[in-house]
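What follows is one structure encoded as structure tokens, with my remarks underneath.
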Amino acid sequence: MTQSFQRREVLRLAAAGAAVLCGGAGAQGGNWPTRPVNMVVPFPAGGGTDAFARPLSAQFAKVTGQTLVIDNRGGAGGTVGASIAAKAQPDGYTLFMGAVHHAIAPSIYPKLDYDLEKDFVPLMLLANVPQVVVVNPRRVTANTLQELVAAAKRSPGKLNYGSAGAGTSHHLAGELFKLQTGTFITHIPYRGAGPALSDLIAGNVDLMFDGLGSSAQHIKGGRIKALMVAGSKRNPAFPDVPCAAEVGLPDYTVTTWYGLWAPKGTPAELQARIVDSMKKALQSDELKAIWAQNGSEIPNLTMASYGGFVNSEIKRWASVVKASGAKLE
């Protein structure tokens, strides 16, 4: 056997091996998921993110036959969980369910060890709900937003509000409210919306600027009282609660949105498979009903369009942080 023939045979076998490997990778992408998928939720259980993540997990299992494991990793306004997800293998088996908080974080956390736009692939918007001003009726006697503002002006700093942590939308919604109403209300940061909401219900804080996703059931149960929803129109789930424009705050437009990312490097084929599976889950009657109860419609924003939306939100919240002077506490 000549050296030339041997060399050609080695190259042929190498090429065949490469083809098998590529075919295996393609098959893996085409069959995704073949095992449970981990979804990092960067807040403790019981918050607004969980209100959408857990029903989505149940429906994902029906669509794909595989479990979507909710991995709660709270801390530092959602940035701890984001950091963990950014470093995960880009194999389609670790996803990240972040929120508007992660568009705020670059402007308020000076030393993040990840970049939302560079270290993740934007997949899709999952839910979008307005913020709502909610009070503990045992601690706050105000029945209208105007009464709340008047009380805050009479005693600056006496009222306090809980948030999911410094730099979250709950925090910035409060700072924007103070800026637009000329009031001072003391900020009390927690390690997630769940713990903050629990303390509001228990009567340990006065009020919250919360997303309807986590507050809805407690408003309906009478444990907390809603005085206003952000934006220019009332929410269909709470038609009796006035919107910001109706109570003299036409520029108070704050929404808590939740979105899905994958680690950078996730193959395009897998990205498409993930989005397709999630779309099917979101179109189920079960999730449509749950989203409506939580005050959200089913969004239709995926991939590049979702990435553009996130970029615009990062810029928008940077201007709010600058104007309000919000900072870590």
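The values are calculated or read from the model by the stated rules, or taken from the named source; none is laboratory data. Please read all numbers here as calculations on a predicted model, not as lab measurements. Positions of Cβ are generated from backbone atoms using ideal geometry, with glycine treated the same way; all protein chains shown enter the neighbour counts. In case anyone asks, the SASA skips ligands and DNA or RNA and just uses the protein heavy atoms, side chains included. Shrake-Rupley method; radii C 1.70, N 1.55, O 1.52, S 1.80 Å.
Mind ordering 265-275, 189-199 by average Cβ neighbours within 10 Å, highest first?
189-199, 265-275
Take the Cα coordinates of the chain, assign each an equal point scatterer, and use the Debye formula without solvent to give log10 I(q)/I(0) at q = 0.08 Å⁻¹.
Rounded to two decimals, the profile gives -0.40.
Order 158-164, 233-239, 64-70, 103-109 from most to least packed using the mean count of other Cβ atoms within 10 Å.
In decreasing order of mean packing, 158-164, 233-239, 64-70, 103-109 become 158-164, 103-109, 64-70, 233-239.
Using a Förster radius of 35 Å, what is the FRET efficiency between Thr186 and Asn300 based on their Cβ-Cβ separation? Nearest 0.05, please.
The computed FRET efficiency comes out at 0.30.
Leaving ligands, DNA and RNA out of it, report the carbon-plus-sulfur percent of the accessible area of region 174-329 at a 1.4 Å probe.
That share works out to 53 percent.
Greater than 26 Å separation of Cα atoms is the criterion. Which listed pairs, Lys118/Lys288; Lys233/Lys315; Lys220/Lys288; Lys264/Lys315; Lys111/Lys264, meet it?
With Cα atoms farther than 26 Å apart: Lys118/Lys288.
With a 1.4 Å probe and all protein chains left in place, how much accessible area per residue does the chain have, in Å²?
Computed with neighbouring chains in place, this is 43 Å² per residue.
Could you give the length gained by full extension between Lys279 and Lys153, i.e. 0.36 nm per residue of separation minus their alpha carbon distance, to one decimal place?
Result: 40.7 nm gained on full extension.
How big is the dipole moment of region 79-221 about its Cα centre under a simple scheme where the beta carbon of each Lys and Arg is +1, that of each Asp and Glu is -1, and everything else is neutral? Debye, nearest 20, please.
Roughly 560 debye, rounded to the nearest 20.
List every residue whose amide H lies under 5 Å from the amide H of Trp257, counting only residues 5 or more places away in sequence or on a different chain, with H placed 1.01 Å from N in the peptide plane.
Placed amide hydrogens put Val100, Val129 under 5 Å from Trp257.
Can you work out the PRE-style zone for Ala45? Point 7 Å along Cα to Cβ, and I want the residues of region 245-286 with backbone N under 11 Å.
In region 245-286, the label zone of Ala45 (backbone N under 11 Å from the point 7 Å along Cα→Cβ) covers no residue.
Which of the three applies to region 219-287, rounded, prolate or oblate, going by the alpha-carbon gyration tensor with a ≥ b ≥ c and a/c under 1.5 meaning rounded?
It comes out prolate by the Cα gyration axes.
Ordered by residue, what ³J(HN,Hα) values in Hz, to whole numbers, does region 52-61 give under the Karplus form 6.51 cos²θ - 1.76 cosθ + 1.60, where θ = phi - 60° and Gly and Pro are x?
9, 5, 6, x, 5, 4, 5, 6, 4, 4
So what J values fall out for region 302-319 if you push phi through Karplus, 6.51 cos²θ - 1.76 cosθ + 1.60 with θ = phi - 60°, rounded to Hz, Gly and Pro as x?
With coefficients 6.51, -1.76 and 1.60, one gets 10, 6, 4, 5, 5, x, x, 4, 4, 4, 5, 5, 4, 5, 4, 6, 4, 6 Hz.
Can you tell me how much longer the chain between Asn31 and Lys62 gets when fully stretched, taken as 0.36 nm per residue apart minus their C-alpha distance, in nm with one decimal?
Full extension of this stretch gives 9.6 nm more.
Consider just the alpha-carbon atoms of region 124-279 and return their Rg together with their Dmax, both in angstrom.
Rg then Dmax for region 124-279, in Å: 17.1, 59.
State whether region 74-138 is rounded, prolate or oblate according to the following rule on the C-alpha gyration tensor (a ≥ b ≥ c being the square roots of its eigenvalues): a/c under 1.5 gives rounded; otherwise a/b larger than b/c gives prolate, and the remaining case gives oblate.
Note, shape of region 74-138 comes out prolate.
Counting DSSP beta bridges in the chain, what percent are antiparallel, to the nearest 5?
Around 60 percent of the beta bridges assigned by DSSP in the chain are antiparallel ones.
Could you derive backbone 3J(HN,Hα) for region 157-171 from the dihedral phi with the Karplus parameters 6.51, -1.76 and 1.60 (θ = phi - 60°), listing whole Hz in sequence and x where the residue is Gly or Pro?
Once rounded to whole Hz, the list reads x, 6, 6, 10, 9, x, 9, 6, x, 4, x, 8, 5, 4, 5.
Mind running the shape call on region 289-329? Use the C-alpha gyration tensor, a ≥ b ≥ c as the square roots of the eigenvalues: rounded below 1.5 for a/c, prolate if a/b tops b/c, oblate otherwise.
It is oblate, given that a/c is not under 1.5 and a/b is not larger than b/c.
Separation of region 238-311 and region 51-86 by C-alpha centroid, Å?
15
Sorting check: for 77-86, 319-328, which peptide has the highest mean count of neighbouring beta carbons within 10 Å, and how do the rest follow?
In decreasing order of mean packing, 77-86, 319-328 become 77-86, 319-328.
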